[in-house]
1. Considering only residues that are surrounded by fewer than 13 Cβ atoms within 10 Å (Cβ to Cβ) and not in a loop (DSSP other than H, G, I, E, B), which ones fall in segment 151-180?
2. Just the residues that are within 11 Å of residue 175 (Cβ to Cβ) and either of a type in the set (D, E, K, R) or not in a helix (DSSP H, G or I) (or both), please, taken from segment 190-211.
3. Considering (1) under 21 Å from the mean Cα position of the chain (by Cα); (2) in the same structural domain as residue 8 (by TED's automatic domain parsing); (3) assigned to a helix (DSSP H, G or I), say which one residue 87 fails and leave the rest.
4. Could you check how many residues of segment 86-122 are over 16 Å from residue 46 (Cα atoms) and charged (D, E, K, R)?
5. Of the conditions (1) more than 19 Å from the chain's Cα centre (by Cα); (2) part of a loop (DSSP other than H, G, I, E, B), residue 21 satisfies every one except a single condition; which number is it?
6. Here is a list: 42, 55, 81. Which entry is in contact (Cβ under 8 Å) with a residue 60 or more places away in the chain, touching a helix residue (DSSP H, G or I) at 6+ places or on another chain (Cβ under 9 Å) and assigned to a strand (DSSP E or B)?
7. Consider segment 17-36. How many of its residues are exposed (fewer than 14 other Cβ atoms within 10 Å of the Cβ) and touching a residue at least 40 places away in the same chain (Cβ under 8 Å)?
8. Of the residues that sit in segment 104-130 and are within 17 Å of residue 148 (Cα to Cα) and outside any helix (DSSP H, G or I), which one is farthest from the chain's Cα centre (by Cα)?
Amino acid sequence: MSIDVTDATFQTEVLDRSGTNPVIVDLWAPWCGPCRTIGPILERATDATDGDVVLVKVNVDENPGISKAFQVQSIPAVYALRNGEVVDGFVGAYPEHVIEQFVQSLLPTAEQNELAALIAAGDEPSLRAALEIEPGNEDAIIALGELLVEAGNGEEALALLARIPESERTRKVAAAARLGEKPADDHDATLVALLDRVKTDDEARQQYVDILELMGAEDPRTASYRKQLTARLY
């Protein structure tokens, strides 16, 4: 079974869906003989995955936006996407066993399934076991870091976070780890007191920034306090 996708539905049916399952995009046209040959093969191969791999079809004559995005020069052209990015593909007609191998290669391995199950479990032993399998797994590190912060083990959480590149997710956990525990909801008194020290006191400046990180951009006060910090520093 395949899904017909248009320029209007590409975001939802392909890019968004590929965050959950691998999506194969079959770029074809009614006048293309080889397209009609590999289309049924792709359908059989993806049907055999019981929904783990999704097949979508795009008529290139009717959807110039998608054709341009994939820079289509000839068809059939087949691309596999995961998390919104192309991870594999081929152009032209191939034998059935080659196409079946292409589809099967998109399925998670037993190790990947085990890793996903451990992260989904979310408890400390499971997350530590996940990191034995993949020491740099961002989801496992973030989740374990949050548990360690809650347990008062901020130093171990910071050591874990050092394994992966800094991001919005890591900054929030790191801020909580350095602060030890989340300050009271009314941060104003603390921030005002720290403001006079941020220019000359590295520890005060880090604490100020960490509190803002925990408050988050959704807090209406955050932008104002960031401006005040910039004014004091520069």
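1. Across segment 151-180, the qualifying residues are 155, 168.
2. 210
3. With (1) under 21 Å from the mean Cα position of the chain (by Cα); (2) in the same structural domain as residue 8 (by TED's automatic domain parsing); (3) assigned to a helix (DSSP H, G or I) applied to residue 87, the lone miss is (3).
4. 2
5. (1)
6. Residue meeting the stated conditions: 81.
7. 1
8. Checking each candidate, the answer is 123.
The values are calculated or read from the model by the stated rules, or taken from the named source; none is laboratory data. From a predicted model like this one, the values you see are computed outputs, not experimental measurements. Note that each Cβ is placed from the backbone with ideal geometry, even for glycine, and that neighbours are counted across all protein chains shown.
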